[in-house]
Amino acid sequence: MGEDAESSKINHSFLRDYVTEADVISTVEFNHTGDLLATGDKGGRVVIFQRETESQGEVEEVGDTGESGEYNVYSTFQSHEPDFDYLKSLEIEEKINKIRWLPRQNAAHFLLSTNDKTIKLWKVSERDKRPEGYNLKDEEGRIKDISTVTSLQVPVLKPTDLMVEVRPRRVFSNGHTYHVNSISVNSDGETYLSADDLRINMWHLGITDRSFNIVDIKPANMEELTEVITAAEFHPHHCHLLVYSSSKGTLRLCDMRASALCDHHTKLFEEPEDPGSRSFFSEIVSSVSDVKFSHNGRYLLTRDYLTAKVWDLHMEKGPVETYQVHEYLRSKLCSLYENDCIFDKFECVWNSTDSVIMTGAYNSFFRMFDRETGRGVTLEAWRETSKPRAVLRTRRVYNGGKRRRGDVGVDSLDFTKKILHMAWHPEENIIAIAATNNLYIFQDRVNTESQGQD
């Protein structure tokens, strides 16, 4: 994408000067076609955006196929409310940790959303007709006196204004003792997994009162606990395979055909540590914050604090590709530990062809890496790029050597402006970036003329 990326229309209600904690976006997810985009925030709300279709004049102007990169608000609803665990005397936040769309089966859309404890299945549907002519109800819905009904009529459907209805279909609760950090829908379309710090459960989408525990790393004595589960995901094509990452920087691939309880992994992916470079922060920065299967299912993409890594499922001894996201922060780890930024959990995503990876950084920066060339680019999500047709600027962090105009010094980085959550359209070069309470949507508009010049 790089400098050819353009900003599409942004819903400016997301661009406010003040930030309340409840407005901070905590997850972003495209559906399987990319026509819908869902965001969840710390206030327990889910906002769904729908992609707009361009008018004929706009299609001719940009030479496109009728689909624009504009996403406008489609529906907003309250997914979770604050709760209280009376047994542990703990408050349960309403913050949405993850959203996952289910493959579409009919006219309606379904999505899963979760906070720390409870997972909910939502049905999103449209209604543009309403029934009229009931025999036992009047026009306002009140029950008629049966003695006044002298004839029967067949109710009919009359056109009405389009309404988007969002209804809860299932509530999956009491499955986790610890905080849920991941949910992933299986390729079989019938089951999904949910992971907390010590366990991974598998649920059937139609059964809410029980789940099956498939991974349990809780030791008999909690004093012997050395690692926790940080993320988990099902394989995109093989319903029996799943991967989970740990705070020790390891990845474990599990095959449910080998054992129903996957305490013993099929493969362990781990990079040998260099004893000479070990420090107090080594284990903290090596903790994996996110893991994603590639679309073809051959590779794994992981993110730790300083790097993004690509792993081949056929090679366990180490990553096949390592990308330095912000190596210039290595000398700042002490101060980042003191202000807790070292514990920030950055996400990572693949593009639709698995040729480019993207992940976040500080100062409203995010990074893209081309896997073929190995080159990386730093881009910035900020107010100026929220203008339609604005071109994304590449940025560079100055850390010694020759300083160029526009470079940002390491000491000038704003660590409160962090890009933690993002999503990539499943088929096109459209990305969604969550920056605190702002949602930015960028679209690559490389026309054939500029491609020829490249």
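Some observations on this one:
- Those residues of segment 81-102 which are hydrophobic (A, V, I, L, M, F, W, C) and without any contact (Cβ under 8 Å) to a residue 60 or more places away in the chain, in sequence order: Phe84, Leu87, Leu90, Ile92
- Filtered residues of segment 103-115 (kept if surrounded by fewer than 19 Cβ atoms within 10 Å (Cβ to Cβ) and touching a residue at least 12 places away in the same chain (Cβ under 8 Å)): Pro103, Arg104, Gln105, Ala107, Ala108
- Qualifying residue in segment 134-154 (condition: surrounded by 10 or more Cβ atoms within 10 Å (Cβ to Cβ), in a strand (DSSP E or B) and in contact with a Lys or Arg (Cβ under 6 Å, 6 or more places away or on another chain)): no
- For Asp312: the one exception among (1) modelled with pLDDT of 95 or more; (2) surrounded by fewer than 21 Cβ atoms within 10 Å (Cβ to Cβ); (3) over 20 Å from Glu233 (Cα atoms); (4) not polar (S, T, N, Q): (3)
- Enumerated strands (runs of 3 or more DSSP E) restricted to segment 251-328, each holding at least 2 residues that are closer than 24 Å to Trp203 by Cβ: 251-255, 290-293
- Residue within segment 123-132 that is in contact with a Gly (Cβ under 7 Å, 6 or more places away or on another chain) and not hydroxyl-bearing (Ser, Thr, Tyr) present: no
- Subset of segment 180-210 (residues that are open to solvent by 50 Å² or more (accessible area, probe 1.4 Å), touching a strand residue (DSSP E or B) at 6+ places or on another chain (Cβ under 8 Å) and in a loop (DSSP other than H, G, I, E, B)): Ser187, Glu190, Asp197
- Close pairs (6 angstrom Cβ cut-off, 6 or more residues apart or separate chains): open to solvent by 100 Å² or more (accessible area, probe 1.4 Å) in segment 271-284, in a helix (DSSP H, G or I) and modelled with pLDDT under 90 anywhere: none
- Check on Asp161, acidic (Asp, Glu) and either surrounded by 12 or more Cβ atoms within 10 Å (Cβ to Cβ) or in a strand (DSSP E or B) (or both): yes
- In segment 353-360 there is no residue that is crowded, with 21+ Cβ neighbours inside 10 Å, hydroxyl-bearing (Ser, Thr, Tyr) and more than 26 Å from Gly400 (Cβ to Cβ).
- Sole exception among (1) surrounded by fewer than 15 Cβ atoms within 10 Å (Cβ to Cβ); (2) at pLDDT 85 or above for Phe369, by number: (1)
- The lone criterion from (1) in contact (Cβ under 8 Å) with a residue 40 or more places away in the chain; (2) under 25 Å from Gln105 (Cβ atoms) left unmet by Ile207 is number (1).
- Arg169 vs. criteria modelled with pLDDT of 80 or more and not small (Gly, Ala, Ser): yes
- The set of residues in segment 77-102 being surrounded by 14 or more Cβ atoms within 10 Å (Cβ to Cβ) and part of a strand (DSSP E or B) consists of Phe77, Asp83, Ile92, Lys98, Ile99, Arg100, Trp101.
- Applying the criterion of at least 2 residues that are small (Gly, Ala, Ser) and modelled with pLDDT of 50 or more to the strands (runs of 3 or more DSSP E) found wholly in segment 1-67 leaves 36-41.
- When segment 336-352 is filtered for residues that are open to solvent by less than 60 Å² (accessible area, probe 1.4 Å), touching a Phe, Trp or Tyr at 6+ places or on another chain (Cβ under 9 Å) and either closer than 22 Å to Thr436 by Cβ or outside any loop (DSSP other than H, G, I, E, B) (or both), the ones remaining, listed by number, are Leu336, Cys341, Ile342, Asp344, Phe346, Val349, Trp350.
The values are calculated or read from the model by the stated rules, or taken from the named source; none is laboratory data. On a predicted model such as this, the values are computed, not experimentally measured, just so you know. Neighbour counts run over all protein chains shown; Cβ positions are idealised from the backbone, glycine included. Surface accessibility is based on the protein's heavy atoms, side chains included, excluding ligands, DNA and RNA. Shrake-Rupley method; radii C 1.70, N 1.55, O 1.52, S 1.80 Å.
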